[in-house]
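Trainee: Pasting in a structure now, in structure tokens, and then I'll have a few things to ask.
What follows draws every value from the coordinates through simple rules; no lab data is involved. Here the structure is a predicted model, which means the values were calculated and not measured. Neighbour counts are summed over all protein chains in view; Cβ atoms, including those assigned to glycine, are modelled from backbone coordinates with ideal geometry.
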Amino acid sequence: MDLKRYIRTVPNWPKPGVMFRDITTLLTSPEGFAQATDELAAHYRSLDFDKFAAIESRGFVFGAVLARAFNKPLVLLRKPGKLPAATERMEYSLEYGTDAIEVHKDAVSAGDRVVVIDDLLATGGTALAAIQLMEKLGGKVVEVGFVIDLPDVGGAKKLKAAGYTIFRLVQFEGD
């Protein structure tokens, strides 16, 4: 069954012209959430990796379920100032300005094979920063997974051009 039916589109949010893809309706549907996590798990069964790294905040939802299902560690990639121990930080560009994400320095070791997980791929800025953080700590990102891809925004092209493999459950083109 098509997962798109569980994802609400909110026109003109957070600004005019944006068609926001809202996964809260997916999360409030036990059937939709189960389907999404089952499809992600089915995909990752054939991949050789050591850890999941989930991007704040909605990536945590999917990353936690997958880490538990595979009995793998879960690395949290958070907004600045949210992690209590020593961190590494990576800044990335936004439409107007910059933002950053952080990870505990001891969360990834040299040679760890990491799958980065988030709910949505738009410009790819956050995902690329997450990848760079994993590599800064010595990890190797084997794939970057998303529930939703917005290909018209260009994130998938950016990540593929940088040499990374992506996986997504659904994509919303155009509108």
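Trainee: Could you list, in sequence order, the residues of region 56-86 that are hydrophobic (A, V, I, L, M, F, W, C) and in a strand (DSSP E or B)?
Mentor: The answer is LEU74, VAL75, LEU76, LEU77.
Trainee: Based on what the data block shows, is GLY138 surrounded by fewer than 17 Cβ atoms within 10 Å (Cβ to Cβ), touching a Ser or Thr at 6+ places or on another chain (Cβ under 7 Å), touching a residue at least 12 places away in the same chain (Cβ under 8 Å) and not aliphatic (A, V, I, L, M)?
Mentor: The answer is yes for GLY138.
Trainee: For region 4-26, check the following and say yes or no: at least one residue is surrounded by 14 or more Cβ atoms within 10 Å (Cβ to Cβ), of a type in the set (A, V, I, L, M, F, W, C) and within 15 Å of VAL116 (Cα to Cα).
Mentor: no
Trainee: Right, another one. Among the residues of region 148-164, which ones are surrounded by 15 or more Cβ atoms within 10 Å (Cβ to Cβ) and either touching a His at 6+ places or on another chain (Cβ under 9 Å) or of a type in the set (Asp, Glu) (or both)?
Mentor: Within region 148-164, just ASP149 meets the criteria.
Trainee: I'm trying to understand the selection: among the residues of region 1-55, which are in a helix (DSSP H, G or I), touching a helix residue (DSSP H, G or I) at 6+ places or on another chain (Cβ under 8 Å), more than 14 Å from PHE70 (Cβ to Cβ) and polar (S, T, N, Q)?
Mentor: Matches in region 1-55: THR25, GLN35.
Trainee: Do the conditions hold for LEU94, that is, is it touching a residue at least 24 places away in the same chain (Cβ under 8 Å) and surrounded by fewer than 17 Cβ atoms within 10 Å (Cβ to Cβ)?
Mentor: yes
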